[in-house]
Amino acid sequence: MNARRGFTLTELMVVIGIIVVLLGLLLPALAGVFSHGLMTKSMSNMRQIGTWMRMYSSDNREFIVPSQFNYSYPDCPTCYRGKVRSAASPPLGDQHKGTWTDILWTVFAGGVFPAAGAPVANGGLDYDYRFDSPDKKLYDLVGGDLENPFRSAALNKRNAPGGSGTGHAPSGGIGPTPFGSGAQEIGQPGYFAANNFFDSRDPADGGNGWFVTGQIKSPERSMYLVDSVAGETIEDEPEPFQAASPTLSPSGSTPPLEVDFRYSGVCLMLFLDGHVEPVGQWQDICELEGPDGRSIRIRNLTSNVSPCQAP
């Protein structure tokens, strides 16, 4: 009779080595597929936002949805008044102040949540969110059951640069503020940040007033939203767009970048004509805006001259 032999130790090690190699080849591919699925969902959210923006402009004398607003000024000719955040005790900021998300949530997507009105001490909400878009306070209560079209499908993997976490930390903050800095929310859905060129607040508070669609020279190349870790707005200045990689900053410093390349090295941008583009990494804002760059406009949107062009 022939003796039955099992695997030798050498054969077993060879099989294990082959499996390890195959897993090493397969896992990056699976990660790419997962990232692509998240990006597809986020692009769908951005396109929906673009649709709502066009509807809002059509219903409001072609005004572009502002990145920030403040309706509380007693006499402000640049303030286009509305009912957003007009209810008592909003969970963030003051009455009549907010961002683009509050406007679109109020007009198109708002709802009352089951725990609305329950005492905060009992873990409930002190606000029904009809006039204010979802924030961390609501995420913590509702969790994964909350569908928010104004946030990314991918999660924040890093904190916003330069923020201490005070007032926005997961341990107790309710963040983010509209201003876009210090929103320390790793593990929360990533932000879509609006270009703060469209800040409708009074110029005394740093705003630019309201814009109508006819004022924008190249809507098809004018950025309105971008993936961000820092909050619901991003300043139309070089710093938040600088240093696409930490290696571009001096050793030991915090890169100023607020844009998040959360889909395998690309971010998403929504343009004023409603289309969405995946955009690869860059070094500085002039690589986006310059005449030899990618023809993406972030600043001076009412002018044909890019700030990166030599005078």
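The values are calculated or read from the model by the stated rules, or taken from the named source; none is laboratory data. All values derive from a computational prediction rather than experimental measurement. Cβ placement follows ideal geometry from the backbone for every residue including glycine, while neighbour counts extend to all protein chains displayed.
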Mind listing whichever residues of region 51-73 are assigned to a loop (DSSP other than H, G, I, E, B) and not polar (S, T, N, Q)? ARG61, GLU62, ILE64, VAL65, PRO66, TYR71, TYR73
I want to confirm something. Restricting to region 254-273 and keeping residues that are surrounded by fewer than 18 Cβ atoms within 10 Å (Cβ to Cβ), touching a strand residue (DSSP E or B) at 6+ places or on another chain (Cβ under 9 Å) and part of a loop (DSSP other than H, G, I, E, B), which single residue is modelled with the lowest pLDDT? GLY265
Breaking point among (1) modelled with pLDDT under 70; (2) surrounded by 15 or more Cβ atoms within 10 Å (Cβ to Cβ), for PHE7: (2)
Only one of ALA183, ALA230, ALA244, ALA204 is over 24 Å from ARG54 (Cβ atoms), surrounded by fewer than 18 Cβ atoms within 10 Å (Cβ to Cβ), among the aliphatic types (A, V, I, L, M) and modelled with pLDDT under 90. Can you tell me which? ALA204
Could you figure out which of (1) assigned to a loop (DSSP other than H, G, I, E, B); (2) under 29 Å from THR40 (Cα atoms); (3) modelled with pLDDT of 85 or more isn't true of GLU287? (1)
What are the residues in region 214-227 that are of a type outside the set (Lys, Arg), buried (at least 16 other Cβ atoms within 10 Å of the Cβ) and not in a loop (DSSP other than H, G, I, E, B), if any? PRO219, SER222, MET223, TYR224, LEU225, VAL226, ASP227
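Would you confirm whether any residue within region 303-311 is surrounded by fewer than 17 Cβ atoms within 10 Å (Cβ to Cβ), under 24 Å from ASN208 (Cα atoms) and touching a Ser or Thr at 6+ places or on another chain (Cβ under 9 Å)? Don't jump to the end; show me each part of the working.
Residues of region 303-311 surrounded by fewer than 17 Cβ atoms within 10 Å (Cβ to Cβ): 303-305, 307, 309-311.
After this cut, where a residue has to be under 24 Å from ASN208 (Cα atoms) as well, the list is 303-305, 307, 309, 311.
Next, only the ones that are touching a Ser or Thr at 6+ places or on another chain (Cβ under 9 Å) stay: 304.
Yes, there is a match, as at least one residue in region 303-311 is surrounded by fewer than 17 Cβ atoms within 10 Å (Cβ to Cβ), under 24 Å from ASN208 (Cα atoms) and touching a Ser or Thr at 6+ places or on another chain (Cβ under 9 Å).
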Only one of these conditions is not met by ILE16: (1) at pLDDT 80 or above; (2) within 17 Å of PHE261 (Cα to Cα). Which number is it? (2)
